[in-house]
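Chemist: Here's a structure for you.
We did not get these values from a lab; they are worked out from the coordinates using the rules stated. Keep in mind the model is a prediction, meaning the values are calculated, not measured. We place every Cβ from the backbone using ideal geometry, glycine too, and count neighbours over all the protein chains shown.
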Amino acid sequence: MLLTLPSDRGNGTSSPQDDHPAVIDVEALSLTVGTRAVLRQVNFWVPANGITTVVGPSGSGKSSLLRILNRMWDHVPRVRIEGHVRFSGQDLYARGVDVRAVRTHIGMVFQRPTPFPRSIYDNIALTLRVHGIRQGISDRVESVLSASGLWDEVKDRLLASALTLSGGQQQRLSIARALALNPAVLLMDEPQSALDPRSRDQITQLMLTLKKHTTIVLVTHHLDEAKRVSDRLGVMVGGTMEVFGPAREIFQSESVARLASATQEFGQ
Amino acid sequence: MIRSEQGRLTSRGLRSLVETGVQTGLGILALAPFVVLVGLVGYLIWVSIPVFRYMRWGFFSHIAWNLGNLYAYHPVLVHGVRVMPGAEFGAFAFLLGTGLTSLMAICLAVPIAFLLASAASFGVSWPWRNILAILVEMMAGVPSVVFGLFGFIVLGPAIATQVGPWLNHWLSPIPFFSGPVTSETNLLTATVTLTLMVIPIVATTTRVAMARVPRDWVDSARALGWTEHEVFWHVIWPHSRAALTGGTILGLGRALGETMAVLMVSGNALNVLPKNIYSGVSTMAATIAGQLDAALTDPTRMAVHALGTLGLILMAISLAVNLIARVVVVSDGQTDHAGGGLAHGIL
Ligand SMILES: Nc1ncnc2c1ncn2[C@@H]1O[C@H](COP(=O)(O)OP(=O)(O)OP(=O)(O)O)[C@@H](O)[C@H]1O
Ligand SMILES: [Mg+2]
């Protein structure tokens, strides 16, 4: 079974708590690696076209949760996943789901920039070619580089090695590469934490632009950052989702005090 | 007050004395490799001079290796060097033997090692990949005499009775592969034995580089929806290519210098060139070890000098291989950080 996407992306299953439709819906999710319970009974959902942020102390399972959403755990031995993970209403872990399709619809950006040791152009072109796309590659390269705010900086040296870019540029290239497949959801695992303040800011701006038509799930260590960009916020502690709701409410409510004290330990 | 100042001064003086001593000691120690290398090369060159005066460049092109008439009453004087009458020292057969066995072994070993490394880092599933990695690493630690014994007892007979005739049957149109299989110790046995010894070196070097590819790179390629195959070819392979080159050259170094195993399985043919892969051969390293006793009976010492000259050539080839490896790996490493750096570290 190939994963199909409704023509209108926002048209997934609705979550009862909110009037926004959920693109991703996680229900009673538990993740066990070997004998270790990494995630326990996690419930959370992601509305379309916004930024859903997960914060929490180091080791609380934020990355693990993100990696559930594009089935990255498939490559780790002795992993048990229980519960439901739905994308546009379809169970991601149902039998016969094409992992390739899952990852085409749900892209991912990592903490460290991951440019392949090839040219800037090839980083994106190869991504497309691997998926059998042969036509309109250079247009696509230009459009995703523009979308990630990198085009003006690199248009004169597309054939230079991607490794010659600065860290911030490399990260935006990684984002551009993830966008090349036109994913509905972009998972971002601390995309700014390895960067200098200016590059961080550029990525923040970029996320705010992208969220207009892409659903972003962000993991971050920076509460300020989370406050600036998040539409919904989840706080993970020890493998469970302690708080989850509209970001503004959480930041205003009393739980923010708890949040702040919890974040003391995971501030940089 | 003054005394305490003095005391401090003294202890500082002592400390600086110790430091100077340590630094001088380390400096002398750091010179040691240089001294050893220069001493070794210098000695081998000195030993080789009379050989080249006697044989001229014929040392490289002559096939015959003959100590001459050791029962002759007097040595004779040729080109100003004393030799036994009729002595001739030609290295050509050994050069060819070393080249053939090493290159053929590399050709066989590299594809197999590449497959093993790929399997151990990507192909098979956990826990098989760990088991495979450990087995390959253990293979690298087996003493060469054990490989020689295995080659002599197991491979030799198998090649003489099964593999050789089979190859001869199917490949006989190719001259070098056709011919009667008359012995158990021959070029093919030596090659296969060397192959077994080279595989773990190449495989381990490559596997380590493959395992060192940063997890984020692999993950981000997977996250782009690439299959494991595509991840391998577009991410793992570019990162480990330089290490495969480096490992191959390390393996070549091992094959060129391997003595014991080759001595046991090559047939130690003197004075003839191999007609095909079923002929006996001898290599430079094996000849040095195998002919030393005989050479010591030469009263003019010329035979020993000739073995020293073989050693000089072998060393020059090994050094050249090593240098080429560095150049290759460094130039590859410029486009490719992880693998190049790693192979660089190994070389
Ligand atoms: N591949 C794995 N195998 C076994 N355990 C793992 C694996 N990956 C993560 N874990 C465990 O899962 C727990 C959660 O890790 P995770 O990386 O999700 O935390 P995190 O919240 O992202 O932390 P950080 O803020 O440091 O990135 C940790 O205790 C970790 O040891
Ligand atoms: Mg993490």
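Chemist: For segment A:165-204 and segment B:67-104, what is the separation of their Cα centres, given in Å?
Modeler: Between the Cα centre of segment A:165-204 and that of segment B:67-104, the gap is 70 Å.
Chemist: Something else about it: Just checking the output field for A:106-118: average partner chain Cβ neighbours within 10 Å of each residue's Cβ?
Modeler: 5
Chemist: Taking the dipole about the Cα centre of chain A, with the C-beta of Lys and Arg at +1 and of Asp and Glu at -1, give me whichever of A:I120, A:F244, A:L186 is farthest to the positive side.
Modeler: Final value for the positive-end residue is A:I120.
Chemist: Pop a pseudo-label 7 angstrom from the Cα along the beta-carbon direction at both B:R12 and B:L273 and give the gap in nm to one decimal.
Modeler: Taking the two extended label points, one gets 7.5 nm.
Chemist: Now, a different point. Under a cut-off of 27 Å between alpha-carbon atoms, report the lysines in cross-link reach of A:K227, not counting same-chain residues fewer than 8 places apart.
Modeler: Qualifying lysines at Cα under 27 Å: A:K62, A:K211, A:K212.
Chemist: Here is a follow-up. So what is the relative contact order for segment B:88-346, in percent, with contacts set as C-alpha pairs under 8 Å and at least six apart?
Modeler: For segment B:88-346, the relative contact order is 28 percent.
Chemist: Build a GNM of chain A with springs between Cα atoms under 10 Å: which of A:I124, A:I106, A:I81 gets the top mean-square fluctuation?
Modeler: Greatest mean-square fluctuation among the candidates belongs to A:I81.
Chemist: Right, something else. For A:E242, which sequence-distant residues (separation of 5 or more, or a different chain) have an amide H within less than 5 Å of its own amide H, given hydrogens modelled in the peptide plane?
Modeler: HN-HN under 5 Å from A:E242: A:V235, A:M236, A:V237.
Chemist: Stick to the Cα atoms of segment A:33-165, pair each with every other, and give me the Kirkwood hydrodynamic radius in Å at one decimal.
Modeler: On the way: mean 1/r = 0.0568 Å⁻¹.
This gives a value of 17.6 Å.
Chemist: Right, here's the next one. Hey, what number do you get for chain B at 222 nm if only DSSP H runs of n ≥ 4 count, each worth -39500 (n - 2.57), divided across all residues, to the nearest 500?
Modeler: Details: 14 runs with 233 residues, N = 347.
For chain B, the value works out to -22500 deg cm²/dmol.
Chemist: Okay, moving on. Please report Rg over Rh for the protein assembly as shown, where both radii come from the alpha carbon positions and Rh follows the Kirkwood definition.
Modeler: Result: Rg/Rh = 1.14.
Chemist: In the calculated pair distance distribution of segment B:215-325, what percentage of Cα-Cα distances lie above 23 Å?
Modeler: Counting every Cα pair in segment B:215-325, those more than 23 Å apart make up 53 percent.
Chemist: Please report the net charge: other residues with Cβ closer than 13 Å to the Cβ of A:P197, K and R +1, D and E -1. Mind dumping the intermediate values first?
Modeler: Numbers: positive: A:R198, A:R200; negative: A:D196, A:D201, A:D224, A:E225.
Within the 13 Å Cβ shell, the charges total -2.
Chemist: Obtain the nm distance between the two label points defined at B:F176 and B:A316 by a simple spin-label model: each point lies 7 Å from its Cα along the Cα-to-C-beta direction.
Modeler: 2.4 nm
Chemist: Mind checking which of B:L323, B:L26, B:L167 has the largest fluctuation in a GNM of chain B, springs on alpha carbons under 10 Å?
Modeler: B:L26
Chemist: Taking the Cα centre of chain A as origin, work out the dipole magnitude from +1 charges on Lys and Arg Cβ and -1 charges on Asp and Glu Cβ, in debye rounded to 20. Before the final figure, lay out each step's value.
Modeler: On the way: 30 positive and 26 negative charges, 148 e Å.
Dipole size: approximately 720 debye.
Chemist: In whole Å, what is the distance between the alpha-carbon centres of segment B:108-159 and segment A:91-161?
Modeler: 39 Å
Chemist: Plugging the Kirkwood radius over Cα pairs into Stokes-Einstein for segment B:88-346, at a temperature of 25 °C and a viscosity of 0.890 mPa s, what D comes out in µm²/s?
Modeler: Diffusion coefficient, whole number: 125 µm²/s.
Chemist: If I take R0 = 35 Å and measure r between the Cβ atoms of B:N69 and B:A158 in this structure, what FRET efficiency does the formula 1/(1 + (r/R0)^6) give, to the nearest 0.05?
Modeler: For B:N69 and B:A158, the calculated efficiency is 0.25.
Chemist: Over chain A, with a Gaussian network built from C-alpha contacts below 10 Å, which listed residue (A:P197, A:P47, A:P115) shows the highest mean-square fluctuation?
Modeler: Between A:P197, A:P47, A:P115, it is A:P197 that shows the largest mean-square fluctuation.
Chemist: Let me ask you something else. Picking from A:M72, A:P197, B:P200, whose Cα lies most toward the positive end of the charge dipole for the protein assembly as shown (charges on Cβ: Lys, Arg +1; Asp, Glu -1)?
Modeler: Of the listed residues, the answer is B:P200.
Chemist: Helix-derived [θ] at 222 nm for chain A: sum -39500 (n - 2.57) over DSSP H runs of at least 4, divide by residue count, nearest 500?
Modeler: Counting only the DSSP helices, I get -9500 deg cm²/dmol.
Chemist: Filter the DSSP H helices in chain B by two things, a Kyte-Doolittle mean of at least 1.6 and an axial alpha-carbon span of 20 angstrom or more, and list the hits by number. All intermediate terms of the calculation are to be shown ahead of the outcome.
Modeler: Numbers: long enough: B:2-55 (78 Å, 0.84); B:92-118 (38 Å, 2.08); B:187-212 (37 Å, 1.40); B:237-257 (30 Å, 0.30); B:302-333 (46 Å, 1.75).
Passing helices, by number: B:92-118, B:302-333.
Chemist: Restricting everything to alpha-carbon atoms, can you work out Rg to Rh for segment A:22-262 with a Kirkwood hydrodynamic radius? Intermediate values should be presented prior to the final figure.
Modeler: On the way: Rg = 17.9 Å, Rh = 18.4 Å.
The Rg/Rh ratio comes out at 0.97.
Chemist: Using the Karplus curve 6.51 cos²θ - 1.76 cosθ + 1.60 with θ = phi - 60°, what ³J(HN,Hα) values do you get for each residue of segment A:187-199, in whole Hz, with x for Gly and Pro?
Modeler: 8, 10, 9, 6, x, 10, 5, 9, 10, 6, x, 5, 5
Chemist: Still on this structure: Considering every residue in B:226-233, what mean count of other chain Cβ atoms within 10 Å of its Cβ is obtained?
Modeler: Across B:226-233, the average partner-chain Cβ count within 10 Å equals 2.
Chemist: Still on this structure, please answer the following. If each of A:N43 and A:D91 carries a label point 7 Å out from its Cα toward its Cβ, how far apart are those two points in nm?
Modeler: For the pair A:N43/A:D91, the computed spacing is 1.9 nm.
Chemist: I would also like to ask the following. Just to check I understand the Karplus step: with θ = phi - 60° and J = 6.51 cos²θ - 1.76 cosθ + 1.60, what whole-Hz values come out for segment A:163-180, glycine and proline as x?
Modeler: Those phi angles translate into 6, 7, 6, 6, x, x, 5, 4, 5, 5, 5, 4, 5, 4, 5, 5, 6, 4 Hz.
Chemist: Where nothing but the Cβ of Lys and Arg (+1) and of Asp and Glu (-1) is charged, how large is the charge dipole of the protein assembly as shown around its Cα centre, in debye to the nearest 20?
Modeler: Values: 47 positive and 40 negative charges, 139 e Å.
Taking the Cα centre of the protein assembly as shown as origin, the dipole is about 660 debye.
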